[in-house]
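The values are calculated or read from the model by the stated rules, or taken from the named source; none is laboratory data. Model, not experiment: these values are computed from the prediction. Cβ: placed from backbone, ideal geometry, glycine included. Neighbour counts: every protein chain shown.
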Amino acid sequence: MKTLRIILSSIIGLTFIALFYEGFHSSLPVALGAGVLSFFAGMLMFSPSNKKEPKKTRPHPAPKQKKKPVPAPGDDELVCDGITRGELKRIVREGKEQVNRIEEIALKIMNHNVRIEILEICTVANDIFDNFVKDPKDIKASRRFLIYYLDTTERIVAKYYELSRSTYLSDEAKKTLKNVENTLVLIKDSFRSHLKKLTENDVMDLEAEVKVLQNTIKREGI
């Protein structure tokens, strides 16, 4: 860029020298002076501008707001004491999403036995949420499962996966992994026991309804 500026300025200078000397019949010193002045004028004229164009700032996109689920007709309807249909759908949806996250972590674990153990836990957990749909009142009996056990299981599985990926494990780390593997068996048994209890409650409720119906039939002589 600088070389081009010198060449262009030199052409302008020589042009003015010839113009003054040949065209205006000026003396050689005057023509040379005009050429020198023209040269420097050209250098200034072709010098790069020091003004920097202001950087165009891109407007920051507005943060995406999480869309709130639109209540469906009937969501305000009570499905059991203290639980609406909308709350039931939310509990089941969020619970199954959490179970899916645990399954995704389990599928990354290299230890086959541990992976199967966690997937079986997820199967039982999904069965519990399916039971909520059939019998929403079981949700009240499952508060500890929803608030504590499922969250703790997700954290344990996630930390086990991260630790198991380490190339070099200390004896203490290996001991911790083994302890988690034993705990997974306890979690699976606990989930199964809870599901069994919910199912037994359903059986007891059904038996109670049958007895009421039988007594009504006997009383009315049908």
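Can you tell me how many residues in the stretch 67-106 are surrounded by 12 or more Cβ atoms within 10 Å (Cβ to Cβ) and of a type in the set (Gly, Ala, Ser)?
Total meeting the criteria: 3.
Consider the stretch 98-152. How many of its residues are in contact with a Lys or Arg (Cβ under 8 Å, 6 or more places away or on another chain), within 15 Å of residue 191 (Cα to Cα) and not charged (D, E, K, R)?
Of the residues in the stretch 98-152, 5 are in contact with a Lys or Arg (Cβ under 8 Å, 6 or more places away or on another chain), within 15 Å of residue 191 (Cα to Cα) and not charged (D, E, K, R).
Quick check on the stretch 154-177. Is at least one of its residues at pLDDT 95 or above, closer than 30 Å to residue 75 by Cβ and part of a helix (DSSP H, G or I)?
yes
If only one of 74, 95, 86 is over 17 Å from residue 186 (Cβ atoms) and not in a helix (DSSP H, G or I), which one is it?
74
Testing residue 109 on (1) surrounded by 10 or more Cβ atoms within 10 Å (Cβ to Cβ); (2) aliphatic (A, V, I, L, M); (3) modelled with pLDDT under 95, one condition comes back false. Which one is that?
In the conditions (1) surrounded by 10 or more Cβ atoms within 10 Å (Cβ to Cβ); (2) aliphatic (A, V, I, L, M); (3) modelled with pLDDT under 95, residue 109 misses (3) alone.
Specify the residue that is surrounded by the most Cβ atoms within 10 Å (Cβ to Cβ); the eligible residues are those in the stretch 156-192 that are among the hydroxyl-bearing types (Ser, Thr, Tyr) and within 28 Å of the chain's Cα centre (by Cα). Spell out the reasoning first.
First, pick out the residues of the stretch 156-192 that are among the hydroxyl-bearing types (Ser, Thr, Tyr): 160-161, 164, 166-168, 170, 176, 183, 190.
From what's left, within 28 Å of the chain's Cα centre (by Cα): 160-161, 164, 166-167.
Details: 160: 23, 161: 19, 164: 17, 166: 10, 167: 4.
Per the criteria, the residue is 160.
Within the set of pairs 6 or more residues apart or between chains, which connect a residue that is outside any helix (DSSP H, G or I) inside the stretch 127-151 to a residue that is at pLDDT below 95 with Cβ atoms less than 9 Å apart?
135/80; 135/198; 135/201; 135/202; 135/205
Of 176, 123, 167, 152, which residue is within 16 Å of residue 96 (Cβ to Cβ) and of a type in the set (S, T, N, Q)?
Of the residues listed, the single one that is within 16 Å of residue 96 (Cβ to Cβ) and of a type in the set (S, T, N, Q) is 123.
(1) over 29 Å from residue 79 (Cα atoms); (2) within 28 Å of the chain's Cα centre (by Cα); (3) among the small types (Gly, Ala, Ser): which one isn't true of residue 125, the others all being true?
Residue 125 satisfies all of (1) over 29 Å from residue 79 (Cα atoms); (2) within 28 Å of the chain's Cα centre (by Cα); (3) among the small types (Gly, Ala, Ser) except (1).
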